[in-house]
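Here's the structure we're looking at; comments come further down.
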Amino acid sequence: MIYDMVFSPNKLLMTIRNGKEVIFVDSKSQQVLSEIALQDKPRFVCMTNVHLAATTMENKQIQFIKVNESTLQKDSTLNVDDEVIGMAVYRNNLVVTYDLPGVKILSNNATVIHKLDNTAIGREVFKNPDGLPQRLMTPSM
């Protein structure tokens, strides 16, 4: 089952939840270019720059993946506080939403730069922030 994807002209990067993998597809030829197995089920995916993607996983990790013209390769992994349910990149920082609910802006080494949750302004801000950061602009492949 495809859970999430990012795209650019002629290319798709997709998370496959039940297969614990990420696949890279040429949409023009409809061929799988590359695929990699992950330790856990991936959820959301976004491009952090032209050659690096990040995918959230159920085991409270963010897996970075190098994306080249036709190949994928695992890169570093970030451990996070809770299961991330949405993610985007803004000004080289990860913007993530959690089940708690809340939003955190993280540096590339998982340091919390800024945090906003339902206690921040004294009233409920988020009911279900699932996928909220994906509305931000992210680099294309």
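The values are calculated or read from the model by the stated rules, or taken from the named source; none is laboratory data. Source: prediction; values computed, not measured. Positions of Cβ are generated from backbone atoms using ideal geometry, with glycine treated the same way; all protein chains shown enter the neighbour counts.
Here are some notes:
- Among the conditions (1) closer than 18 Å to residue 22 by Cβ; (2) of a type in the set (Lys, Arg); (3) modelled with pLDDT under 85, the only one that residue 74 does not satisfy is (3).
- Residue identified as in contact (Cβ under 8 Å) with a residue 12 or more places away in the chain, among the β-branched types (Val, Ile, Thr), closer than 18 Å to residue 2 by Cβ and crowded, with 21+ Cβ neighbours inside 10 Å among 56, 97, 48: 56
- Complete set of residues in the range 59-76 that are exposed (fewer than 15 other Cβ atoms within 10 Å of the Cβ) and either touching a residue at least 12 places away in the same chain (Cβ under 8 Å) or not charged (D, E, K, R) (or both): 59, 66, 68, 70, 71, 73, 74, 76
- Within the range 102-139, the set of residues being outside any strand (DSSP E or B) and at pLDDT 80 or above comprises 107, 111.
Here is a yes/no grid of residues against (1) touching a Ser or Thr at 6+ places or on another chain (Cβ under 7 Å); (2) of a type outside the set (A, V, I, L, M); (3) free of Cβ contacts under 8 Å to residues at least 24 places away in the same chain:
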| residue | (1), (2), (3) |
| --- | --- |
| 4 | yes, yes, no |
| 12 | yes, no, yes |
| 16 | no, no, no |
| 32 | no, no, yes |
| 36 | no, no, no |
| 40 | no, yes, yes |
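- Evaluating residue 8 against the criteria (1) in contact with a strand residue (DSSP E or B) (Cβ under 7 Å, 6 or more places away or on another chain); (2) of a type in the set (S, T, N, Q); (3) loosely packed, with under 15 Cβ neighbours inside 10 Å leaves one unmet condition, (1).
- Of the strands (runs of 3 or more DSSP E) lying entirely inside the range 1-101, not one contains at least 2 residues that are more than 14 Å from the chain's Cα centre (by Cα) and under 23 Å from residue 117 (Cα atoms).
- Some residue of the range 78-94 being surrounded by 15 or more Cβ atoms within 10 Å (Cβ to Cβ) and touching a residue at least 60 places away in the same chain (Cβ under 8 Å): no
- Of all residues making up the range 18-45, the number that are surrounded by 15 or more Cβ atoms within 10 Å (Cβ to Cβ) and of a type in the set (Ser, Thr, Tyr): 1
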